[in-house]
1. Students often get this wrong: which residues of the range 60-96 have the backbone nitrogen under 20 Å from the point 7 angstrom along Cα-to-C-beta of H134?
2. Determine the gain in length on full extension of the stretch S107-L95; use 0.36 nm per residue of separation and subtract their C-alpha separation, reporting nm with one decimal.
3. Take the Cβ-Cβ distance between Y127 and K31 as r, set R0 to 30 Å, and report the resulting FRET efficiency rounded to the nearest 0.05.
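A short reminder: the numbers here are calculations on the coordinates, not readings from a lab. Quantities reported herein were computed from a predicted structural model and do not represent experimental measurements. Cβ placement follows ideal geometry from the backbone for every residue including glycine, while neighbour counts extend to all protein chains displayed.
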Amino acid sequence: MATILLVAMTIVLAAVLYVLVSGLSHGTAPKTPIATAFALGTPVAANHSGGNWYNFSVQAAGHGLRWGDVQFQIIGSNGAAVVLPGAATITVLNLTGGTVGSYSYGSASWAMGTTLTITSQHTLSIYSAAIGLHGDRLVVYGVGTFQGSVALTIP
């Protein structure tokens with residue numbers, strides 16, 4: 001009888017340990033810092049017909065980063081978020097100038113290009129009709145399996 005009780009307690013203890021260990025091993029996967037996966041070049045600014053354009057070339061991209069893995073914000077020189085008009089957009093262009101991605105600043109969402117892997121052959125083009133962004137910062141936030149942010153000052 002004592003042997004049966006000892007075997008039963010061993011089985012219960014083994015089951016409890018299994019549940020504890022398996023629960024610990026199914027934690028969330030570590031997120032990749034966006035700064036290790038993404039870098040933009042110094043932006044080029046232009047003003048055409050009253051509209052302000054800011055072009056950032058992608059200098060580096062890796063870890064399978066896709067455009068849907070990033071979101072954007074403009075931070076003013078005073079440290080506050082800049083509210084752009086609803087029509088403000090961020091467009092992703094390929095080497096020939098074709099649009100391969102489109103992000104609406106007003107809704108903070110991608111209209112197209114979310115599954116496209118980011119490469120150094122892409123350029124981000126920010127359009128702001130009435131508001132100049134000189135001296136402000138573009139902040140790129142990692143989302144999904146990416147975390148953190150990368151920021152560049154707009155000339």
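1. 74-80, 82-85
2. Value of the extension gain: 1.6 nm.
3. FRET efficiency, Y127 to K31: 0.50.
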